[in-house]
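Below is one structure; the comments refer to it alone.
The values are calculated or read from the model by the stated rules, or taken from the named source; none is laboratory data. Note that the structure is a prediction, hence the values are computed from the model and not measured. Ideal geometry is used to build each Cβ from the backbone, glycine not excepted, and the neighbour counts take in all protein chains shown.
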Amino acid sequence: MPIFDLSHPADLTAALFPDLLLMGGAMVLLLWAVWRRESAAHQRTIGLASIWLCVATLGAVLYMLFHQGHVTDGPIAADSFRFMVDVIVLLGTIAALALGIDDNDRMGTTTAETHVLMLLASSGMMLMAAARDLMIVFLGIELMSVSIYALAGLNRRSVRGAEGALKYFLLGAFSTAILLYGIALVYGATGTTGLYEIHQRVVELQLGSSPLLLIGMALLLVGFGFKVSSVPFHMWAPDVYDGSPNPVTAYMAATVKTAAFAAFLRVWLEAFNAEIGTWHRAVAMLAIATMVVGNTIGLLQRNVKRMLAYSSIAHAGFLLVAVAAGSMQGASAMLFYLLAYTLATFGAFAVIVVLSRGDAPVTTEDLSGLWTERPWLAVAMAVYMLALLGFPVFGGIGFFAKWYVLKAALQAEEPQIALAVTLVLTTVVSAGYYLYVIMVMFMRPRPANSEAVTPTPGWTRFVMVATAAAILILGIFPDQTVRYVVRGTPRLGAYVPPVKTAPARQAALTH
Amino acid sequence: MERTYLPILLLVGFVVTNAVAIILISHLTLRPRPTAEKQTPYESGMPVLGDARERFSVKFYMVAVLFIIFDIETVFMIPWGAHFRQLSCGTDLVAGVCPTGQLSLFGLWEMLVFIAILLVGFIYVWKKGALQWD
């Protein structure tokens, strides 16, 4: 068991090794990308190299997950929560890169930097998962957001793309400012930005009713609310998701949400743990509003990407239920849910990559009768829809994800009956649009004038097969998955040295 | 503690009084004798050409953004330079000097890593052709 003393630069570097590997690799790839002339072949090469870099980082993360060391109190955590979030983020990144290679080919995008930007955004997300200090949270969010602002505007010639990118940039900058103001006020109230130190000072100095702290917490909640697109801070999501290229939309809907929720949960459970009575009601109200609005407006959508955007808002609501539970069980339920949600979302967007033509939106009309023309594509889409819905057996892991969130809500210290009831009822509502897609695919005839669906490109096929298989197979063995995920709780509190540390280091620690 | 803010209060008071006084005095002692020349936006005698809200070439924005990057570098380097003695010392400074045998390369490496990252960006910009005006 290695012990990372975060006051030593070498140990800090070691504790951050996977993150640094991804960042350093991304910079090498950036130079490689720009060294050659832009071409479709070069774009594919860089995409493939990016995927391999992610696989290497995934290896490093898994190594650290299974050989977990202890870290001293500091800005970085090295618990299983961090590494499991990293695994979900990296799997999502690999899927987004794979879809990106094919989508770039299809759209005629030859810039290889798109892959590098995704890698940089992912390294920011990994930093968010690791952060135990509000400044590191902020650094991670910025690294992630700035890369994604550029990715969202990739369709330069599309008006909808430009509108979405501008909206995302303005609202993202706005929400970041609110978040930063919240951080400043929390710092003003407690005199520290370290998450655990905030908790300690709130308890010691009895700051529970300090207006500075309360306003700071409210602003942080608004800032994170924007990042996870919870109602009423969701307005940007449908336009941005609709305008961005398909792989980027999937990446924003699944992976960005994963990282934002990871940071959200750690800040809330660690820094404001003693304040649960104060924030609980606010988070619960956000969760209920998000579930109700996301699912009901989703019913009205006929553009599949917008429908998935509202579905992603609704899922943010389900995830907020896990946060509102305020328990370790909630944290692991959230991880499990994020895994299932990431798999299903990337699968669904892989189908959209196949169906989309140029800049025109994919509507449910394009899906009708898909079963008669491309049966396997229709079956795969059905699996993803059922997984998003949380349907038993055919929805695989999606059902268990909802089940564990529900269980966490009901087994919290104060059982969250209202949240659980809303979760179940809005899930029934969401069947209205998920099952509609399936109904259209299998029971409507193919319109006579519809063009033939283009053959599925190789990488998209890989993403579809991998996600569908993972959803179904993990759905058969949920216990094994849960056994791993349950360990993925954030380790809160102060560092307790497990063994005797060397005297020099001890002196450095007390100093 | 409140007294420490007194100079700021004095400054604010001075600025406000001064501004109000200048506007008030020039308003009270004003003798308006407008001529066509005086009514033009700029009294320098240059005729106004077109609208100021024109489209500018994107290159100007590119230069501005690149300037910011290197500007930020300087903003970061100045505090680093001011603390360099402490950063390159393993323990606390004694009377502003590092005790013998305690020198470390930490501070140097920190800045080298930062500059290397910036350099990657610079090479990228260069190879991409953003520095070429035509």
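Computed values, structure above
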{"read-out": "Pair list, Cβ under 6 Å, 6 or more apart: segment A:401-415 residue surrounded by 21 or more Cβ atoms within 10 Å (Cβ to Cβ), other residue of a type in the set (Val, Ile, Thr)", "value": "A:Val405/A:Val321; A:Ala409/A:Val321"}
{"read-out": "Scope segment B:99-134; condition of a type in the set (Ser, Thr, Tyr) and facing chain A (nearest Cβ under 10 Å); matching residues", "value": "B:Ser104, B:Tyr124"}
{"read-out": "Qualifying positions in segment A:342-368 - of a type in the set (Ser, Thr, Tyr) and modelled with pLDDT under 95", "value": "A:Ser356, A:Thr363, A:Thr364, A:Ser368"}
{"read-out": "Top-ranked residue in segment B:77-98 [being within 14 Å of chain A (Cβ to nearest Cβ) and more than 15 Å from A:His8 (Cβ to Cβ); ranked as modelled with the lowest pLDDT]", "value": "B:Asp92"}
{"read-out": "Any hit, segment A:4-14, residues being among the aliphatic types (A, V, I, L, M), in a loop (DSSP other than H, G, I, E, B) and loosely packed, with under 15 Cβ neighbours inside 10 Å", "value": "no"}
{"read-out": "Qualifying positions in segment A:350-364 - surrounded by fewer than 14 Cβ atoms within 10 Å (Cβ to Cβ) and under 18 Å from A:Leu435 (Cβ atoms)", "value": "none"}
{"read-out": "Helices (runs of 4 or more DSSP H) completely within segment A:434-511 that count 1 or more residues being in contact with a helix residue (DSSP H, G or I) (Cβ under 7 Å, 6 or more places away or on another chain) and at pLDDT 85 or above", "value": "A:458-476"}
{"read-out": "Among the candidates A:Leu179, A:Leu205, A:Leu185, residue that is surrounded by fewer than 16 Cβ atoms within 10 Å (Cβ to Cβ) and more than 30 Å from A:Asp103 (Cα to Cα)", "value": "A:Leu205"}
{"read-out": "Options A:Ala165, A:Ala189: the member that is within 25 Å of A:Ala316 (Cα to Cα) and assigned to a helix (DSSP H, G or I)", "value": "A:Ala165"}
{"read-out": "Count of segment A:25-40 residues which are within 10 Å of chain B (Cβ to nearest Cβ) and over 15 Å from B:Gly121 (Cβ atoms)", "value": "2"}
{"read-out": "Answer residue from segment A:142-175, given it is touching a Phe, Trp or Tyr at 6+ places or on another chain (Cβ under 8 Å) and closer than 19 Å to A:Pro232 by Cβ and is surrounded by the fewest Cβ atoms within 10 Å (Cβ to Cβ) among those", "value": "A:Phe174"}
{"read-out": "Test for A:Leu53: is it within 10 Å of another protein chain (Cβ to nearest Cβ), part of a helix (DSSP H, G or I) and buried (at least 18 other Cβ atoms within 10 Å of the Cβ)", "value": "no"}
{"read-out": "For A:Gly390: the one exception among (1) free of Cβ contacts under 8 Å to residues at least 40 places away in the same chain; (2) surrounded by fewer than 24 Cβ atoms within 10 Å (Cβ to Cβ); (3) under 23 Å from A:Met443 (Cα atoms)", "value": "(2)"}
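Residue by residue, here is whether (1) in contact with a Phe, Trp or Tyr (Cβ under 7 Å, 6 or more places away or on another chain); (2) modelled with pLDDT under 90 holds:
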{"residue": "A:Ile178", "(1), (2)": "no, no"}
{"residue": "A:Val186", "(1), (2)": "no, no"}
{"residue": "A:Thr190", "(1), (2)": "no, no"}
{"residue": "A:Arg201", "(1), (2)": "no, no"}
{"residue": "A:Gln206", "(1), (2)": "no, yes"}
{"residue": "A:Ser210", "(1), (2)": "no, yes"}
{"residue": "A:Gly216", "(1), (2)": "no, no"}
{"residue": "A:Phe224", "(1), (2)": "yes, no"}
{"residue": "A:Ser230", "(1), (2)": "no, no"}
